[in-house]
Amino acid sequence: MALDHNFGSRTLTREDITWPGDTENLRTWISGLHARWQDTLSAQTDADLAAVSGVHWPFEGRPRADLFAWANTELTKSSAEIGYARFLLAGRPPR
């Protein structure tokens, strides 16, 4: 959503996002998103990061740097939650 609404067509909705189906497709999907995010962030200049124009979701009217900081924090938090769930499940006896 952040890529589409701030650097794309601004047409993506939550309903457009579907589960990739299996772990291999998930890896491919996440790797593609990672590459797009990294390319987009790497292309930003200091002036781009300070700019308020072009920021639409979820921080309309705030600097682009806030968007990148928020998204990176959300990704880090989600990764930690997944890691913790894996840790908890690894300690369970098989069924």
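Just a few scattered comments:
- Residue list for segment 13-43, restricted to those being more than 13 Å from the chain's Cα centre (by Cα), modelled with pLDDT under 95 and among the hydrophobic types (A, V, I, L, M, F, W, C): 19, 26
- Number of residues in segment 44-62 that are more than 19 Å from the chain's Cα centre (by Cα), loosely packed, with under 14 Cβ neighbours inside 10 Å and not in a helix (DSSP H, G or I): the value is 4.
- Segment 63-95: number of residues that are under 18 Å from the mean Cα position of the chain (by Cα) and either among the small types (Gly, Ala, Ser) or not in a helix (DSSP H, G or I) (or both): 8
- Taking the criterion of being within 14 Å of residue 68 (Cα to Cα) and either among the charged types (D, E, K, R) or surrounded by fewer than 10 Cβ atoms within 10 Å (Cβ to Cβ) (or both), the residues of segment 21-43 that qualify are 36, 39, 42, 43.
The values are calculated or read from the model by the stated rules, or taken from the named source; none is laboratory data. Just so you know, these numbers come straight off a predicted model, no measurement behind them. When we count neighbours, we look across all protein chains shown, and the Cβ atoms used for this are built from the backbone with ideal geometry, even at glycine.
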